[in-house]
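*Asks:* For reference, the structure I am asking about is given below.
The values are calculated or read from the model by the stated rules, or taken from the named source; none is laboratory data. Computed from a predicted model, the values in this text were never measured in an experiment. We place every Cβ from the backbone using ideal geometry, glycine too, and count neighbours over all the protein chains shown. SASA here: full protein model, heavy atoms, side chains in, ligands and nucleic acids out. Shrake-Rupley method; radii C 1.70, N 1.55, O 1.52, S 1.80 Å.
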Amino acid sequence: MARRHLIIGGGTAGMNAIRTIREEESERSTITLVSAEKPYSRMVLPYYLDRSIAESHVFTATARVLADWGTTTQLGKRATALDTKANVCTLDDGTKVEYDDCLIATGSSAVRAPVPGADGPGVHSFWTLDQARGVLAQIQPGSHVVMVGAGFIAFTILNSILSLGAKLTIVEVAPRILPRMIDDTGAGLVQTWLEQNGVAVRTGAKLTRIDDVKGRRRLKMAAGGDLVADVVIMATGIRTNLDWLKGSDVKINQGVVVDDHLRSSVPNVYAAGDVAEGRDLISQANAVHAIEPTAQEHGRIVGANMAGKDVRYRGSLIINIVEVCHLDVASFGAWDDAKAEAANGVKPDRPAYRKLLWRGDRLTGAIILGPSSDIWTSNDVGMLKGLVQSGVSLGPWKAHLKKNPFDIKPAFIATKTTSSLLPETILGRPSKAPGESPVAV
Amino acid sequence: MKVLKIHPEKCTGCLRCELACSYMQTGDYQPAKSVIRVSPFEGHTSYAPYTCTQCAEGWCMTACPVGAITISAVGAKDVQDDRCVGCKLCTIACPYGTMFYDPATRKAFKCNLCGGAPACAEACPTAAITYEDVETADWLGDFARERTARVLAEAR
Ligand SMILES: Cc1cc2nc3c(=O)[nH]c(=O)nc-3n(C[C@H](O)[C@H](O)[C@H](O)COP(=O)(O)OP(=O)(O)OC[C@H]3O[C@@H](n4cnc5c(N)ncnc54)[C@H](O)[C@@H]3O)c2cc1C
Ligand code: SF4
Ligand code: SF4
C-alpha cells in the first residue's frame, strides 16, 4: 500500500483528499502538501469582497490544522515537473519530493481577454485571494466598475460590488449574458432584472483596448461608445493549471483524463477538481466540471482510494446557483442538451422561469429562476437536483410536469425519489462532519 | 439515532407543526420560516409534512465550502451561523429540497431536530410526526403515490 502520499494543490480538491485519507486509512501514512497558495476556498471570496466576512474566514486549514493532520507542507512553492518513472515531483525552488502516489489538484487560473492594456494598472482578475485583495483595495463607494465578461464567475461577485456602493457596467462579447449557465429566455429575464436594479448591461459588445487616462481606464469598444472606469474586472474565462505537466506521461485532453477511480493514465497518479476530466453523471462521457461540488467529490474519492479503499465514482453533476439582487438563478445537468425533450414555464412579472429537459422519462437537466425570498424556489432547486441526480422514472408525472413545470414537489415525492436517493453516498458510508475527522478544522 | 418519523395518513393539515417549528427556530410564529412544510395532495384533500431526512450522505454538509454544517450531539446536520457565508451551495446540493435560506440574515438554515426535542412532533395533535429511534426512510412516497393517482389520471 502507498505509504507516502503527495498532494499537489491545496484548494478544494486537495484539502478534501487529505481529510479523507485521514478518515479512511487504517495505518498512518505520510502526506506532503505542495501548494502555490495557502489552503482557502475560492468560492468564499465574494463574501470577503463585500466585507461580510474577515479574510481569515476564507482559509480551509490553518498551519496548526495542517500540522495536526500530520501534513508536511511546501507552501508558496509550485510543482514544475513530475517524473512518473522515478515517482519524483520537482518544485520551483529545486526541491524534489518522492512519493508512492500523488494527486494533481492544481485548479485553474483566470485568463484575460487578449486586448492591449489588459495587463495595465487598474485592470484585475478575480480568481485568487491576492487578486481579491487587489479589487477590494480599489473599489470605493461611487466607483465605476466595469465587468468584462458575463459568465458565472462574474455573476458570483455582482452583489458584492453593488453592496460596496459601486456603479456597475457589464460588457459581454456574446449576444447574451450567462451563455454557459442558462438558456436565452432565462438570460433575457436576468438581464432585464439587472437593468431594473441599476446595472448597465452591454451584450454583443467587443472590447478592443484599454487605455490609462489620467488614472482612470478608458475601454475602447468596437461599437456603441467607449466606457470610462475606475476599476476593470476581467472575468473572461479560466484555464487549467497543467502547463507544468508538459513532458510527463500523464495523458491530458481538456484536463487530466481520469477513470472511475480518478486515476490518470499513470496508475499511481490521480487528478481531481478543475484539472480533472472525469465522468459526467448524465452523459457518462468525460468532461471537465470546474465547479466546487465536483472538486469536493473528486477529492474525497481520491482520498479514499489513496487510503487503500476501492471507491468507484458515479460521475459528477453540473450544478450552479447564483443570486443577483435577490433573484436566484440555477441550472443542473444537461440543461443545454439540444436533443432532449423540453418544457418550460415563465412568470415574467415575478420573474420566475423553469425549463425541464428529459431523455425518455428521466429528467436530465433543468433551469430555475425565481425570487430568493420565495421559499418554494429554494425547495424546488433541491428537488430538481434530486430528480436529475437520481434519474428516477417519472412515468405519468412527466406529462404533468410538462404542463405544470412549477409543480415539482408532488412529482418528486410521489415518484419515491427519496427512496432512491437515501441509500446513495459518495464514499459508501455515512459522511463525517468536518469537525469529526481525526482532527477538527 | 432518533429521527422524525412521518405518518402522513394522520396529518389533518392544521399547520401547527409549521408554527411550532418557526417559533422554535426563529422566535416568531412565521410559517414561512418553518423547515417542516406541510404539502397538499389530492387537490387539497390530504396533507403531509415534509422535512430533512438527516440523510447519510449529508449533501448539504459535504458541499459547504467553509465547513459550516456539522453533526450535532443528537445526530442532526446543523448550520453554524457564525461560519455560514450564505453562498447557497447547500441549497442546491441537498437533493431533497430541504435546505432553506433566509435573505434577511443571509444564512442557510435547516432542520436541526431542535437539539433533541423537536417542536413539530410535540405540537402535532394527531401524532402524525413522532421522534423515534428508527432508520430514516421515505415516509411520504407510497402515501403520495396513492393520493395523487386520481389527480394525475384526471389530468390526462
Ligand atoms: C470568485 C469565485 C467564485 C466561485 N463560485 C463558485 C460557486 O458559487 N459554485 C461553484 O461550484 N464553484 C465556484 N467557483 C469555482 C470553484 O472555486 C472551483 O471550481 C474550485 O476551487 C476548484 O477546486 P480545485 O481544488 O480543483 O482548485 P483550486 O481550489 O483552484 O485549488 C488549486 C490549488 O493549486 C495551487 N496550484 C496551482 N498551480 C500549482 C502548482 N504548479 N504547484 C503547486 N500548487 C499549485 C493553487 O495555488 C491552489 O491552491 C468560484 C470560483 C471563484 C474564483
Ligand atoms: S438538508 Fe438535505 S442533504 Fe442535508 S441532511 Fe437534510 S436531507 Fe440530507
Ligand atoms: S450557505 Fe452557508 S451552510 Fe450553505 S454551503 Fe454556503 S456557507 Fe455552507
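*Asks:* Leaving out same-chain residues fewer than 8 places away, which aspartates and glutamates sit with a Cα under 18 Å from that of residue A:402?
*Replies:* Filter leaves A:183, A:336, A:337, A:341, A:361, A:380, B:154.
*Asks:* In the protein assembly as shown, what % of DSSP beta bridges are antiparallel (nearest 5)?
*Replies:* The antiparallel fraction comes to roughly 65 percent.
*Asks:* Remind me, relative contact order of chain A in percent, using alpha carbon pairs under 8 angstrom and six or more residues apart?
*Replies:* On the way: 964 pairs, mean separation 67.1, N = 441.
Answer for chain A is 15 percent.
*Asks:* I've got another one for you. Averaged per residue, what accessible area in Å² does segment A:355-427 show with a 1.4 Å probe, protein chains only?
*Replies:* Working: 1960 Å² over 73 residues.
Accessible area per residue: 27 Å².
*Asks:* What lysines does residue A:246 reach when the alpha-carbon gap must be under 22 Å and sequence neighbours fewer than 8 apart in one chain are set aside?
*Replies:* A:77, A:85, A:96
*Asks:* Mind checking segment A:28-116 for trypsin sites (Lys or Arg not before Pro) that DSSP puts in a loop (not H, G, I, E or B) and that have at most 14 other Cβ atoms within 10 Å?
*Replies:* A:28, A:51, A:85
*Asks:* So what's the convex hull volume per residue for the Cα atoms of chain B, in Å³?
*Replies:* Given the Cα convex hull of chain B, per-residue volume reads 121 Å³.
*Asks:* Roughly how many nanometres apart are two label points built 7 Å out from the Cα toward the Cβ at residue A:93 and residue A:429?
*Replies:* Here the answer is 3.7 nm between the modelled labels.
*Asks:* With labels modelled as points extended 7 Å from the Cα through the Cβ direction, what inter-label distance (nm, one decimal) is found for residue A:111 paired with residue B:82?
*Replies:* Reported label-point gap for residue A:111 and residue B:82 is 4.3 nm.
*Asks:* If you take every DSSP beta bridge fully contained in segment A:24-141, what fraction is antiparallel? Give it as a percent rounded to 5.
*Replies:* So the antiparallel bridges in segment A:24-141 amount to around 60 percent.
*Asks:* Report, in listed order, any pair from A:347/A:403; A:432/B:5; A:339/A:409; A:347/A:385 with a Cα-Cα distance greater than 18 Å.
*Replies:* A:432/B:5; A:339/A:409; A:347/A:385
*Asks:* Could you tell me what a quarter of the Cα convex hull surface of chain A works out to, in nm² with one decimal place?
*Replies:* Here the figure is 21.8 nm², rounded to one decimal.
*Asks:* Quick one: pull the percent of accessible area on segment A:288-441 belonging to carbon and sulfur, 1.4 Å probe, ligands and nucleic acids left out.
*Replies:* Details: 2490 of 4870 Å².
Ligands and nucleic acids excluded, carbon and sulfur give 51 percent.
*Asks:* With +1 assigned to the C-beta of every Lys and Arg and -1 to the C-beta of every Asp and Glu, and no other charges, what is the dipole magnitude of the protein assembly as shown about the Cα centre in debye, to the nearest 20?
*Replies:* Here the protein assembly as shown has a charge dipole of around 840 debye.
*Asks:* Still on this structure, please answer the following. Helix B:16-26 versus the longest principal axis of chain B: what is the Cα-based angle in degrees, 0 to 90, to the nearest 10?
*Replies:* Approximately 10 degrees, to the nearest ten.
*Asks:* Whole angstrom only: what separates the Cα centroid of segment B:19-90 from the Cα centroid of segment A:320-365?
*Replies:* So the two Cα centres are separated by 24 Å.
*Asks:* Place +1 on the Cβ of every Lys and Arg and -1 on the Cβ of every Asp and Glu in the protein assembly as shown, take the dipole about the Cα centre, and give the residue among A:104, A:72, A:344 whose Cα lies farthest towards its positive end.
*Replies:* Most positive-ward Cα: A:344.
*Asks:* Loop only by DSSP, 13 or fewer other Cβ within 10 Å of the Cβ. Give me the chymotrypsin sites (Phe, Trp or Tyr not before Pro) in segment A:311-389 that pass, ordered by residue number.
*Replies:* In loop regions of segment A:311-389 (DSSP not H, G, I, E or B), there are no sparsely surrounded chymotrypsin sites (Phe, Trp or Tyr not before Pro).
*Asks:* Could you tell me the total accessible area buried at the B-A interface, probe 1.4 Å, in square angstrom to the nearest hundred?
*Replies:* The contact between A and B buries close to 4500 Å².
*Asks:* Also, I was wondering about something else. Among all helices in chain A defined by DSSP H, which have a length of 27 Å or more along the axis from Cα atoms plus a Kyte-Doolittle mean of at least 1.6?
*Replies:* In chain A, no H run is both long and hydrophobic enough.
*Asks:* Going by alpha carbons, how many degrees (0 to 90, nearest 10) lie between the helix axis of B:141-155 and the longest principal axis of chain B?
*Replies:* 60 degrees
*Asks:* Find, among the trypsin sites (Lys or Arg not before Pro) in segment A:119-200, those assigned to loop by DSSP (not H, G, I, E, B) with at most 13 other beta-carbon atoms within 10 angstrom.
*Replies:* A:180
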